[in-house]
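The values are calculated or read from the model by the stated rules, or taken from the named source; none is laboratory data. As the structure is a prediction and not an experimental result, all values here were calculated from the model. Positions of Cβ are backbone-derived with ideal geometry, glycine not excepted, and every protein chain shown enters the neighbour counts.
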Amino acid sequence: MLKFKAIGVSEGLAHAKALVIKEADLTVVKNSITDAAAEQKRVIDAVEHAKKQIELLRDEAEKNIGAAEAEIFDAHLLMLDDPDFVEGITNLIADEMVCAEYACFVNCENFQAMFRAMDDEYMQARAADIGDISQRILKNLKGIADNAIDSISEPCIIIANDLTPSDTAKIGSKPVVGFVTRIGGRTSHSAIMARSMGIPAVAGAGEKADEIKDGEELLLDGATGEIVVSPDAETLSQFEQKKTAEDERRAMLVQFKNRPGETSDGRRVIVEGNIGTPEDAVRVAELGGEGVGLFRSEFLFMDRDDLPSEEEQFEAYKKACETMAGKPVIIRTLDIGGDKEVPALNLEKEQNPFLGYRAIRICLNQTDLFVTQLRALLRAAQYGDLRIMFPMISSIEEIRNAKQVLQQAKDLLDAEGVAYNPNVKVGIMVEIPVAAVCADMLAKEVDFFSIGTNDLIQYSCAVDRINEKISYLYRPLHPGVLRLIHMTAKAANENGIEVGVCGEMAGTPGMAPVLCGLGVTNLSMSASAMLAAKADLAAHSFAECKEFAERLLCAASATEAEQLFAEWRA
């Protein structure tokens with residue numbers, strides 16, 4: 001039994017076999033052999049295994065996508081049954097006494113060249129199929145498991161170096177009960193999406209993750225970050241008891257689904273959900289979210305080679321609005337740079353990307369990109385209470401410049417006779433310390449604030465939030481951070497505008513009453529955290545929330561504040 005801890009990034013308990021996803025090394029070396037029959041048997045076994053893999057993919061595709069789309073896998077199976085294709089590999093082994101991997105590679109090149117030379121376009125296109133099939137056989141020969149997320153059919157806990165947003169999105173339709181990544185932290189995008197989907201996850205496992213073998217039994221605690229490999233009977237029994245208690249707690253929280261977010265004496269705090277795709281809004285609505293406090297629109301731009309069109313963006317924003325049925329949907333304009341890349345923009349690498357060309361700075365510089373998004377947002381605002389939020393604002397000039405581009409988008413729509421909602425509310429992210437310090441002035445320019453605590457903590461504490469080596473310095477309860485939040489909330493309250501928190505701090509267990517006490521009026525978090533936040537609020541009066549927030553503000557250090565918080569939560 002092996003037990004270790006990393007960073008718990010999405011709470012929940014998971015028990016399943018490990019599925020280790022490795023970056024496949026398909027390098028082929030021309031090695032000589034002495035036993036041709038043994039190499040040929042390896043090929044036959046690899047081909048038979050490939051058939052089973054493809055049959056599974058075909059069945060999954062037919063069930064989830066459609067019969068027509070699944071036909072491609074039937075074509076792959078026919079190719080594997082073609083004696084010329086398989087014998088091409090086995091004959092090369094016997095004739096040249098080379099290893100199976102090299103023979104597979106050469107056979108693939110030969111067949112692809114043959115198909116590409118044909119006059120028929122359909123047959124030319126089959127060259128790509130040959131490549132897919134050969135790669136699958138080569139993976140089997142090299143002992144590389146077919147770990148594509150699309151082929152997962154049984155409950156598992158994924159072990160990977162990292163997961164892209166698109167990888168994590170795919171997990172939602174698969175029986176994945178948890179995942180562990182070698183890199184990243186609580187604010188990495190895979191972690192954020194895991195919380196949105198309610199999947200237990202642990203990040204920053206480092207080299208320890210390499211000790212987990214494919215198929216080993218795992219226990220995972222997404223709250224504490226604890227991972228147990230091949231648990232003994234006693235550990236497994238304790239885990240099952242813990243899981244039973246957790247299931248009972250979750251069942252208790254269901255009572256808050258249709259209740260508003262409020263303290264025991266009726267102080268309202270709007271509890272909303274963070275989303276990355278319009279589909280995520282479904283879960284927010286199902287779990288009683290009072291709106292979408294943050295739609296990360298950049299997820300529409302990432303993991304693709306082109307930019308989403310105005311129409312594609314419009315449909316995505318419209319869908320989110322329709323799903324929330326009149327409840328507020330705050331959509332953050334494109335927030336890229338830092339740790340978020342958009343290949344289609346081909347941005348230069350920077351020495352300090354978090355302090356560089358990112359978010360509103362890109363949009364105000366590339367106004368064509370910005371106008372396209374704003375047009376889509378204005379059009380979609382006809383279908384619900386859509387609100388526009390500008391990220392990484394540091395000055396009044398940036399707000400005014402952004403609003404000027406918004407007016408340009410309106411003027412263009414007017415000139416073209418395109419319908420839109422001209423009365424969209426506009427807000428800003430407060431995530432740079434100078435914005436918090438100047439919140440009293442910025443509040444006069446906008447309809448709402450949303451405090452992005454992930455970056456606010458990073459910038460005010462001078463801690464790279466995705467660097468696991470200094471993660472211990474990332475302190476949400478640092479009195480300085482709490483004072484910035486309090487300062488921002490005070491300015492918003494005095495100017496009669498809403499002030500939310502949409503960073504991960506909002507969904508941290510026990511933090512809802514603290515933020516309420518600091519003067520925050522809206523909390524937006526992963527959908528899976530909303531019920532617990534409502535329960536935390538209902539357990540305290542507003543006076544209690546204010547009194548405890550004051551104690552934290554007066555703490556001499558982050559350590560003292562953390563001790564006070566732990567005692568208060570006990």
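The single condition from (1) touching a helix residue (DSSP H, G or I) at 6+ places or on another chain (Cβ under 6 Å); (2) in contact (Cβ under 8 Å) with a residue 40 or more places away in the chain; (3) not polar (S, T, N, Q) that Arg569 fails is (1).
I'm trying to understand the selection: among the residues of segment 493-513, which are part of a loop (DSSP other than H, G, I, E, B) and closer than 19 Å to Ala435 by Cβ? Spell out the reasoning first.
Let us first name the residues in segment 493-513 that are part of a loop (DSSP other than H, G, I, E, B), namely 495-497, 502-503, 508-510.
Matches in segment 493-513: Asn495, Gly496, Ile497, Cys502, Gly503.
When the residues of segment 1-50 are filtered to those that are surrounded by 16 or more Cβ atoms within 10 Å (Cβ to Cβ) and either among the charged types (D, E, K, R) or without any contact (Cβ under 8 Å) to a residue 24 or more places away in the chain (or both), the one that is farthest from Ala191 (Cα to Cα) is Glu39.
Screening segment 261-283 for residues that are modelled with pLDDT of 95 or more and of a type in the set (A, V, I, L, M) and picking the one that is nearest to Phe542 (Cα to Cα) gives Val269.
Within segment 452-481, the set of residues being surrounded by fewer than 22 Cβ atoms within 10 Å (Cβ to Cβ) and more than 30 Å from Gln351 (Cβ to Cβ) comprises just one member, Pro479.
The rows are residues; the columns are (1) modelled with pLDDT of 90 or more; (2) polar (S, T, N, Q).
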site	(1), (2)
Ala201	yes, no
Ala223	no, no
Ile227	yes, no
Glu234	yes, no
Ala245	yes, no
Gln255	yes, yes
Arg259	yes, no
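The residue pairs whose first member lies in segment 244-270 and is exposed (fewer than 11 other Cβ atoms within 10 Å of the Cβ), whose second member is of a type in the set (Gly, Ala, Ser) and assigned to a helix (DSSP H, G or I), and whose beta carbons are closer than 6 Å, counting only pairs six or more residues apart or on different chains, do not exist in this structure. Only residues that are polar (S, T, N, Q) and touching a His at 6+ places or on another chain (Cβ under 9 Å) were counted in segment 518-570, giving 1. Only one of the listed residues (Ala492, Ala561, Ala535, Ala549) is among the aliphatic types (A, V, I, L, M) and within 25 Å of Val254 (Cβ to Cβ). That residue is Ala535.
For segment 22-53, how many residues are at pLDDT below 85 and aliphatic (A, V, I, L, M)? If you could, list the steps in order and put the result at the bottom.
Looking only at segment 22-53, we keep the residues that are at pLDDT below 85, and these are 22-27, 53.
Now drop any that are not aliphatic (A, V, I, L, M), which leaves 24, 26.
The qualifying residues number 2.
Could you please let me know if Ala538 is within 25 Å of Lys327 (Cβ to Cβ) and under 30 Å from the mean Cα position of the chain (by Cα)? Against the criterion (within 25 Å of Lys327 (Cβ to Cβ) and under 30 Å from the mean Cα position of the chain (by Cα)), Ala538 qualifies. Among the residues of segment 553-562, those that are assigned to a helix (DSSP H, G or I) and more than 31 Å from the chain's Cα centre (by Cα) comprise Leu553, Glu560. Selection of segment 25-60 for residues being touching a helix residue (DSSP H, G or I) at 6+ places or on another chain (Cβ under 6 Å) and not in a helix (DSSP H, G or I) yields Leu26, Val28, Lys30, Ile33. If a residue has to be over 15 Å from Val177 (Cβ atoms) and not in a loop (DSSP other than H, G, I, E, B) to count, how many in segment 229-241 make the cut? Number satisfying all stated conditions: 8. Within segment 514-533, the set of residues being more than 20 Å from the chain's Cα centre (by Cα), in a helix (DSSP H, G or I) and crowded, with 24+ Cβ neighbours inside 10 Å comprises Val514, Leu515, Cys516, Gly517, Ala533. Among residues of segment 209-228 being out of contact with any helix residue (DSSP H, G or I) (no Cβ under 7 Å at 6 or more places or on another chain) and part of a strand (DSSP E or B), the one that is nearest to Phe179 (Cα to Cα) is Leu220.
Annotation: of all residues in segment 359-414 being assigned to a loop (DSSP other than H, G, I, E, B) and small (Gly, Ala, Ser), the one that is farthest from the chain's Cα centre (by Cα) is Ser395. In summary, Gly143 fulfils each of the numbered conditions (1) under 25 Å from Phe301 (Cα atoms); (2) at pLDDT below 90 with the single exception of condition (1).
Of all the residues in segment 85-99, those that are part of a helix (DSSP H, G or I) and farther than 14 Å from Ser134 by Cα number 6.
All conditions in (1) touching a Lys or Arg at 6+ places or on another chain (Cβ under 8 Å); (2) modelled with pLDDT under 85; (3) not small (Gly, Ala, Ser); (4) not in a helix (DSSP H, G or I) hold for Ile157, with the sole exception of (2). Filtering Thr235, Thr263, Thr244 for residues that are in contact with a His (Cβ under 9 Å, 6 or more places away or on another chain) and over 20 Å from Ala194 (Cα atoms) leaves a single hit, Thr263. Scanning segment 183-199 for any residue that is buried (at least 24 other Cβ atoms within 10 Å of the Cβ), on the phi > 0 side of the Ramachandran plot and at pLDDT below 90 turns up at least one such residue.
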